[in-house]
Structures are given as structure tokens and as C-alpha cells.
Amino acid sequence: TCSAAKEKTVVIGLAADSGCGKSTFMRRLTNVFGGAAEPPKGGNPDSNTLISDMTTVICLDDYHSLDRTGRKKEGVTALDPKANNFDLMYEQVKAIKEGIAVDKPIYNHVSGLLDPPELIKPPKILVIEGLHPMYDQRVRDLLDFSIYLDISDDVKFAWKIQRDMAERGHSLESIKASIRARKPDFDAYIDPQKQYADAVIEVLPTQLIPGDNEGKVLRVRLIMKEGVKYFNPVYLFDEGSSISWIPCGRKLTCSYPGIKFSYGPDTYFGHEVSVLEMDGQFDRLDELIYVESHLSNISTKFYGEVTQQMLKLSDFPGSNNGTGLFQTIVGLKIRDLYEQLIAAKAAASLQATKA
Ligand code: ADP
Ligand code: G6P
């Protein structure tokens, strides 16, 4: 008989503060799965959901239990768990994971109100992105893989200034004040989630330019937990060794301040991890193939796939540095994890039909 066991949805969590590059990362990820993600057709134009053939990305702001006026009245920020409905988040993510469609609320970022819900059908891969994907243990336990985007204060500040001053006309003082106001809740409720992440992308100011805090040249670290099923950390040259590599020279064009890679074992919140680091930026993206050819376990399907992805999305923020490179690699690792999970399930159901 053809008793295909119901394919369960694979669930990925992506945590970060807002304005830290989550949507850019999601666009890179959905591209790895071969399709641009779009808002649901015919629904609320203010929907925060992105759907493609393989993936559905939902924004956890939709589980705000208090709308903008409610938060103001209670004196809480959107970062505060009190402003979020974790019971509903858990129930709905669990249902989707089991193959059941749900009516998910919509938080309208323009009006600050909760709009009527939208129907979310179980996709092959569900990504839950937002402030709290790993905050509630019940939700955390549903995740097949989790990522934390850790943007250091200096860099966050530089990005916010760039966006809010240049594009939204805010003053330097008001940007500083809003970052300061968010900080206590960020430290209490968002930042601690990184200890649970299977992969962390840490974004720091460069160490190649002494005293630099412009936030233009970045040092980016990809921290990968050891021992996670279906996830084999990437390595440089020799797995488990500590390596420092300056690829600039005959095969890679580098202008000031150059590029430096590092790789090695470390510990992170008591877990064994591997860390791959890139400081600096690429002058010529097509030469990335030289770097790619020295990395192992990057889960590509053909030689040069990382470079091809980076070239294809070269207009995305971070394409010339470690943020784009590591987001692309994490995307490939998630595709690999998904394929292994599906293969394992198929094998298990075949066993079950034989028994
Ligand atoms: P989020 O979805 O977390 O709010 P976005 O992906 O929309 O964040 O990015 C917010 C802003 O941050 C972008 O407009 C851009 O200015 C900046 N940004 C994001 N990622 C990067 C990056 N890798 N390098 C430089 N700037 C970035
Ligand atoms: C965070 C949340 C948003 C919220 C924003 C501003 O960035 O992710 O959902 O809209 O804070 O909050 P406010 O209370 O000013 O509307």
C-alpha cells in the first residue's frame, strides 16, 4: 500500500531585535529554496507573512497580545513577554507542525492594531522570526533548528542611524533615546535567547582598523553548536584545528583594511561550538569562489553555489561581508537539515509499513 505518512512541517526559529537584518536574512534563505517569498494573495495587504513554494515565514509580532495603545497604557514595550501571547503562539506553531492550518492574528505595523486573522496552511518549512522564538520553552521545543542574529550595540547604532536618520528623518538624539529605552527589556527578554540557538551570527565592529566604530567594516562570527542532529558545522582547512587565514594576495583582491578569516573550537554558554570568523570586506564578489573553495561542510549542491547565491543577491545589504556570506551558508545548512529530516522520516515510515 501507499500509506505515505503525513509529511510534518519543519520549524525554524530566527531571533533578533528589530532592525537587525531579519528580513534580509529571510530573503536570502527563501532564495536558497529557489523562490522569492511574497505576501499571501488576496489577504490583508498589511500581512507580515511571506510565502514561497517551500517556505512560509511568519513574524512573531503577530502574537502581540497588547496593541500599541494597550502597551502605552500598561507601560510595557513590545519586547516584554506581557505584551505577547505565548499560549497562542505555542498552540498555532504546534498545530502547523502537525499539518493543521491555523487562523493566525495579524499585527498591523502601520496602525499598531490587531487586524482580523489570516489562514496559514502548513508549509514544508515554517520559519518563525521575531523577538521571541526561543523565549517560551514550549515553543522552543518545537524548533528543529534555531538561529540568533546578535548585532553588537555599536553596529546596531550605526545601522539605525543610517535607516532612521537618512530614511525616516529622525534626529540623532531621538535615535539614541529610543535605543536606550529598549535596552533594559532587550537585555532581560531578547538577548538571553542566544544561549539556546543552534547557530549564532555575531556582528561586531572590525578589528582591522584600530579604534573604528563607524560600523561600515564588520567582523562577523558564525558560532555553530556541536552535536546538533543533521547539522555539521562548517570548517576552514582542518576540522577542529585553530586557523588564522589572510586570503589577500595573488588570488583575492583586497583593498584596505583587507580580509582576515579565523576558525576554531570554543565554548558558548557552556556548549561546545565551532566558530568561523570573517573580518573585513570583499572587493570583488566573483572572487569569493576562492574563499568558498577553502571552506568545508558548506552543504552546497555544486561547486560555487555560495558564490552564485551571493552574486545573485549582490544588491542585498551585507553582500560584501561576513553577514551576507554567513547568512547564505546558514541557508544552505538549513536546506541540508531539511533534506536529512525528510529522508529520516521517509525511512522511518517505510520501516513502520514493513513491520
Ligand atoms: P529587520 O527585519 O530585522 O527589521 P531588515 O532586514 O529590514 O531588519 O534590515 C533593517 C536595516 O538594517 C536595513 O535597511 C539596512 O539598513 C540594515 N542592514 C540589515 N542587514 C544589514 C547588513 N548585513 N549590513 C548592513 N546593513 C544592514
Ligand atoms: C518592536 C516590535 C514592533 C513594535 C515596535 C514599536 O520593534 O517588534 O512590533 O511595533 O517595537 O513599538 P511601539 O510600542 O512603539 O509601537
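Here are some notes:
- Only a single criterion out of (1) open to solvent by 10 Å² or more (accessible area, probe 1.4 Å); (2) touching a strand residue (DSSP E or B) at 6+ places or on another chain (Cβ under 8 Å); (3) within 26 Å of P105 (Cβ to Cβ) is not satisfied by H132, namely (1).
- Among the conditions (1) buried (at least 20 other Cβ atoms within 10 Å of the Cβ); (2) within 16 Å of ligand 2 (Cβ to nearest atom), the only one that A199 does not satisfy is (2).
- D80 satisfies every condition listed in (1) closer than 13 Å to L131 by Cβ; (2) within 16 Å of ligand 1 (Cβ to nearest atom) except (2).
- L204 vs. criteria closer than 26 Å to F25 by Cα, open to solvent by 20 Å² or more (accessible area, probe 1.4 Å) and aliphatic (A, V, I, L, M): yes
- Candidate set: the range 9-35, residues that are among the small types (G, A, S) and either open to solvent by 10 Å² or more (accessible area, probe 1.4 Å) or in a loop (DSSP other than H, G, I, E, B) (or both); chosen: the one farthest from ligand 2 (Cβ to nearest atom): G34
- Test: L119 is open to solvent by 70 Å² or more (accessible area, probe 1.4 Å), at pLDDT 85 or above and within 16 Å of ligand 2 (Cβ to nearest atom): no
- Residues in the range 57-77 that are within 16 Å of ligand 1 (Cβ to nearest atom) and not in a loop (DSSP other than H, G, I, E, B): 7 in all.
- Extreme residue, nearest to G112 (Cα to Cα), among residues of the range 79-98 that are in contact with a Leu (Cβ under 7 Å, 6 or more places away or on another chain) and open to solvent by 20 Å² or more (accessible area, probe 1.4 Å): K94
- Hits in the range 320-355 - residues which are in contact with a strand residue (DSSP E or B) (Cβ under 8 Å, 6 or more places away or on another chain) and of a type in the set (K, R): K333
- Scanning the range 18-30 for residues that are in contact with a Lys or Arg (Cβ under 7 Å, 6 or more places away or on another chain) and modelled with pLDDT of 85 or more returns a single hit, C20.
- One residue stands out among those in the range 36-53 that are touching a residue at least 60 places away in the same chain (Cβ under 8 Å) and within 17 Å of the chain's Cα centre (by Cα): the one that is surrounded by the fewest Cβ atoms within 10 Å (Cβ to Cβ), which is T49.
- Leading residue by the ranking (nearest to ligand 1 (Cβ to nearest atom)) among those in the range 83-107 that are touching a strand residue (DSSP E or B) at 6+ places or on another chain (Cβ under 8 Å) and among the basic types (K, R): K104
- L218 vs. criteria modelled with pLDDT of 95 or more and either open to solvent by less than 50 Å² (accessible area, probe 1.4 Å) or charged (D, E, K, R) (or both): yes
- Being crowded, with 18+ Cβ neighbours inside 10 Å and either of a type in the set (D, E) or at pLDDT below 95 (or both) is not true of E287.
The values are calculated or read from the model by the stated rules, or taken from the named source; none is laboratory data. Being a predicted model, the structure only gives us computed values, none of them experimental. FYI the Cβ positions are ideal-geometry reconstructions off the backbone, even for glycines, and counts take in every protein chain you see. The area values use the complete protein model at the heavy-atom level, side chains included, leaving out ligands, DNA and RNA. Shrake-Rupley method; radii C 1.70, N 1.55, O 1.52, S 1.80 Å.
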